[in-house]
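Enquirer: I'd like to ask you about the structure that follows.
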Amino acid sequence: MSNIDKSVARIVLEGRNFEEWCQAQRKDFGISFIIQGKEAGRRPLRSEIPLGDISAQIYWSYWDALVLKDDVLYKRWEAPNLKSNFLQLVVPRDRVREILEETHDSPFGGHFGVNKTLEKIRKRFFWATCKQDVEEWCRTCKICVARKGPVGKGKSPLQIYNVGTPLERVQMDILGPLPLTKLGNKYLLVIVDCFTKWVEAFPVKNIRAKTVAEVFVNQFVSRHGVPVEIHTDQGKNFESQLFSELMRLLGIRKTRTTALHPQSDGQVERQHQTIVNYLAKYISQNQKNWDQWVSMFLLAYRSSKHESTGVTPAELYFGRELRLPVDLLQGSPRFDNEKLPPGRDFVENLKQKLEEIHSGIRERMILKSCQMKARYDRKVRGIHFKEGERVWLFNPRRTKGRAQKLQSNWEGPYFVVKRFSDVVFCIQKTSRHKKKVVHADRTFDLRGGLL
């Protein structure tokens, strides 16, 4: 055996001599089958290949390229131009893990992807299921998964939550921090009615639970009444004891999103984008007068047709359109010809009109939500997590003194403890760790197992 062959082999096989390697090859049935044929100088017949032994079949197909040298089996690799060739050491099955650890997990392996790892291996070694083993190793490598996350994880099916009356469900969230204004405001408390799409936005100086509760009662409840349900994220102000007690006193059902999944609060999150886009077009250069434009934004939005309902939030809420400055300046036949019926007739007519509008909107919202779900679910994955199954969790953290770009965003494995719905699960790392309620979009399952 040449010095080159020995040095190539020693990259992985430090401290092992080739007698041990020769013995390991002969213990592997698929390889020993070929070695016996080489020693006898006769290629075994296809019928002599053991049934079901895929490795033996693959090695048999490479008979002409396999070389027995110093009682060790190699495969000769030749370049496509036939100008260069080298010997690849044939790896017994019980040594494959060792090769993969060295060429992928070690510092010189670098935890690179399938192609780079395969290139390192193929310059030195060969075994029947090399490509499949490398792909599986890279796919299930804990360090790679924790750093890069899953490839093509997909999304969970869209969950539809339709409401049928005003204030049946409202979503509440905080927008900010924004530039400090002359009035001392730094945040915007945004509330959206999920049925009418009516929006309220209140500039506030801070987002302490007491401030949020006071604005909600004094500004929202005093004007609109008590909603049936409020949906928020897991902000400390919304999860505080004070806010929970307020919900209990008012008889409001309080729900919340799962951590790191703002899509569950989608209407108010989308409203943030609309508000920011509006303010960016009208505020001054120093951005310190944004709170003076909030009321004008609300007028503009409430009087604009919403895509999902097909009418304006004002018409769906009040049964009539808002009179705008343009109507006062130029006159509007629609408003000029309006005559309010007297007394009880007006109340009954308004009630009937709102009922007709709401009935049509309920049908339209069901249709729109079904269309949206059909589009969204085209590339979703099936969620089949069962109790006891292992999953990885997307959990990015910001640690003081550490660079976020050098941290790993995925951690695990966790065990599924309980299934709350099709997309919400309770998971736990070990019995000593705290349980977490998470959305399925933050997880992916460990097919094939890593432990």
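Enquirer: Give P44, P92, P80 a once-over and let me know the one that is under 46 Å from the mean Cα position of the chain (by Cα) and surrounded by 11 or more Cβ atoms within 10 Å (Cβ to Cβ).
Expert: The conditions single out P92.
Enquirer: Identify, from the list D265, D173, the residue that is touching a residue at least 60 places away in the same chain (Cβ under 8 Å) and more than 28 Å from G360 (Cβ to Cβ).
Expert: Of D265, D173, the one residue that is touching a residue at least 60 places away in the same chain (Cβ under 8 Å) and more than 28 Å from G360 (Cβ to Cβ) is D173.
Enquirer: Whether any residue in the range 209-225 is assigned to a helix (DSSP H, G or I), loosely packed, with under 14 Cβ neighbours inside 10 Å and modelled with pLDDT under 85 is what I want to check.
Expert: Checking the range 209-225: not a single residue is assigned to a helix (DSSP H, G or I), loosely packed, with under 14 Cβ neighbours inside 10 Å and modelled with pLDDT under 85.
Enquirer: Taking F238, is it without any contact (Cβ under 8 Å) to a residue 40 or more places away in the chain, under 18 Å from V170 (Cβ atoms) and of a type outside the set (K, R)?
Expert: The answer is no for F238.
To keep it simple, each residue is scored yes or no on (1) more than 29 Å from the chain's Cα centre (by Cα); (2) surrounded by fewer than 20 Cβ atoms within 10 Å (Cβ to Cβ).
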site: E135; (1), (2): no, yes
site: R147; (1), (2): no, yes
site: S156; (1), (2): no, no
site: M172; (1), (2): no, no
site: P179; (1), (2): yes, yes
site: G184; (1), (2): yes, yes
site: V192; (1), (2): no, no
site: T196; (1), (2): yes, no
site: N206; (1), (2): yes, yes
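Enquirer: Residues to consider are F243, F202; find the one that is within 30 Å of K288 (Cβ to Cβ) and assigned to a helix (DSSP H, G or I).
Expert: Answer to the selection: F243.
Residues checked against (1) modelled with pLDDT of 85 or more; (2) within 17 Å of T129 (Cα to Cα); (3) in contact with a strand residue (DSSP E or B) (Cβ under 6 Å, 6 or more places away or on another chain):
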residue	(1), (2), (3)
R26	yes, no, no
S32	yes, yes, no
Q36	yes, no, no
A40	yes, no, no
E48	no, no, no
G52	no, yes, no
I58	yes, yes, no
D64	yes, no, no
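Enquirer: Would you say K197 is in a loop (DSSP other than H, G, I, E, B), in contact with a helix residue (DSSP H, G or I) (Cβ under 8 Å, 6 or more places away or on another chain), of a type in the set (D, E, K, R) and touching a residue at least 24 places away in the same chain (Cβ under 8 Å)?
Expert: Here the answer is yes, as K197 does meet what is asked.
Enquirer: Of all residues in the range 230-242, how many are touching a Ser or Thr at 6+ places or on another chain (Cβ under 9 Å) and either modelled with pLDDT of 95 or more or not charged (D, E, K, R) (or both)?
Expert: Qualifying residue count for the region: 6.
The values are calculated or read from the model by the stated rules, or taken from the named source; none is laboratory data. Here the structure is a predicted model, which means the values were calculated and not measured. In this analysis, Cβ positions are derived from the backbone assuming ideal geometry, glycine residues included, and neighbour counts consider all displayed protein chains.
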